[in-house]
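Engineer: Please read through the structure below; I'll follow up with questions.
The values are calculated or read from the model by the stated rules, or taken from the named source; none is laboratory data. Note that this is a predicted model, so its numbers are computed, not measured. Please note: Cβ atoms are built from the backbone with ideal geometry, for glycine as well, and neighbour counts cover all protein chains shown.
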Amino acid sequence: MWQTLSETESTPPSAVDEPIPRSLLRVVDLDANPAPPYRLFFNPRTNGYEGEFEHFRVKSNHIFITLSDGQPERRARAHPDDVYVDPRTHIARESRLYPVPREDKGSQTWRLTIGSYIGTIMFGHENTRGQSRWFLHDFPEHYELFGREKEPVKDGKPYRKDRYLHGCPSTVATAFRSPNEFTRHAMWLMDGMPRDEYGHSRCLCIYCNRTPSGDFAPQKPVTDELRRVRREILLRTVMPPSEEEDGNDELAND
């Protein structure tokens, strides 16, 4: 039912000669039949781009995704006192789960990283000095970022802090674990959640695009492909990647 594509395979369109949605682009697709970037107009008063489409809108380079598949029943519930059991060692450790506010630096890092990819892959633009940076204004409806503090394995070590985006509709995953994990899914929502002729999701995130055995594909090849697609688009439009974009990659996890 689920099948992943190798890095050398192009994304098959659901119909002959149908343009490949921007959210599904791989490097090899750029020479096939990619859909054109969404056209935005530059507003000199805000020093940013704007546009309104069926499933998202853009204002001053802030991206608002209006279509969502988030599941409210799958959002995390904060527990001040909880226990985390390490799946590898089966050792129970103290753990605290809490919602991360929008103004938190971690939330901003997630949304800047996702926005940077969207700006280039979906719109054909980069982060340009003097302009507003591409930024996911907020997560889609029923998605919420949570933080988890875990008791260290060794005494004297600081508590580990991780962030997870809850609301994932997958039946076998509870949350996206990094901004790079969610980027493909966010773009797929912007494209209207394209599906194949059998009604299966064509999203390329690791939770939708599983291996033939039903397991999750590793995230690193997905992140590497995202970076190659972004860089190739920038090179083809004669817009070299900016230092700010490279900085976003350093902030993101594989």
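Engineer: May I ask you to list pairs of residues, at least six apart or on different chains, whose Cβ atoms are under 6 Å apart, with the first in the range 62-75 being among the hydroxyl-bearing types (Ser, Thr, Tyr) and the second being surrounded by fewer than 18 Cβ atoms within 10 Å (Cβ to Cβ)?
Structural biologist: These pairs meet every condition: Thr66/His55; Ser68/Glu141; Ser68/His142.
Engineer: Could you grab me the full set of residues in the range 198-252 that are crowded, with 16+ Cβ neighbours inside 10 Å and at pLDDT below 50?
Structural biologist: Pro241, Ser242, Glu245, Asn248, Asp249, Ala252, listed by residue number.
Engineer: Can you say whether Thr46 is over 22 Å from Phe146 (Cβ atoms), part of a loop (DSSP other than H, G, I, E, B), touching a strand residue (DSSP E or B) at 6+ places or on another chain (Cβ under 9 Å) and modelled with pLDDT under 90, as far as the supplied structure shows?
Structural biologist: Yes.
Engineer: Which of the residues that make up the range 163-195 are more than 13 Å from the chain's Cα centre (by Cα), at pLDDT 90 or above and either aliphatic (A, V, I, L, M) or over 24 Å from Arg111 (Cβ atoms) (or both)?
Structural biologist: Of everything in the range 163-195, those that are more than 13 Å from the chain's Cα centre (by Cα), at pLDDT 90 or above and either aliphatic (A, V, I, L, M) or over 24 Å from Arg111 (Cβ atoms) (or both) turn out to be Met193, Arg195.
Engineer: Give all pairs with beta carbons closer than 6 Å in which a residue from the range 153-178 that is over 28 Å from Arg210 (Cβ atoms) and of a type in the set (Ser, Thr, Tyr) meets a residue that is assigned to a strand (DSSP E or B) and modelled with pLDDT under 85; count only pairs at least 6 apart in sequence or on separate chains.
Structural biologist: From the range 153-178, the pairs are Tyr159/Glu149.
Engineer: If you don't mind, another one. Applying the selection to the range 39-53, what residues are surrounded by 17 or more Cβ atoms within 10 Å (Cβ to Cβ) and aromatic (Phe, Trp, Tyr)?
Structural biologist: Tyr49
Engineer: Let me ask something else about it. Just the residues that are closer than 22 Å to Pro72 by Cα, modelled with pLDDT of 95 or more and not acidic (Asp, Glu), please, taken from the range 109-142.
Structural biologist: Result: Trp110, Arg111, Ile114, Leu136, His137, Phe139, Pro140.
Engineer: Consider the range 190-223. How many of its residues are over 20 Å from Thr113 (Cβ atoms) and either part of a helix (DSSP H, G or I) or free of Cβ contacts under 8 Å to residues at least 60 places away in the same chain (or both)?
Structural biologist: Residues meeting the conditions: 6.
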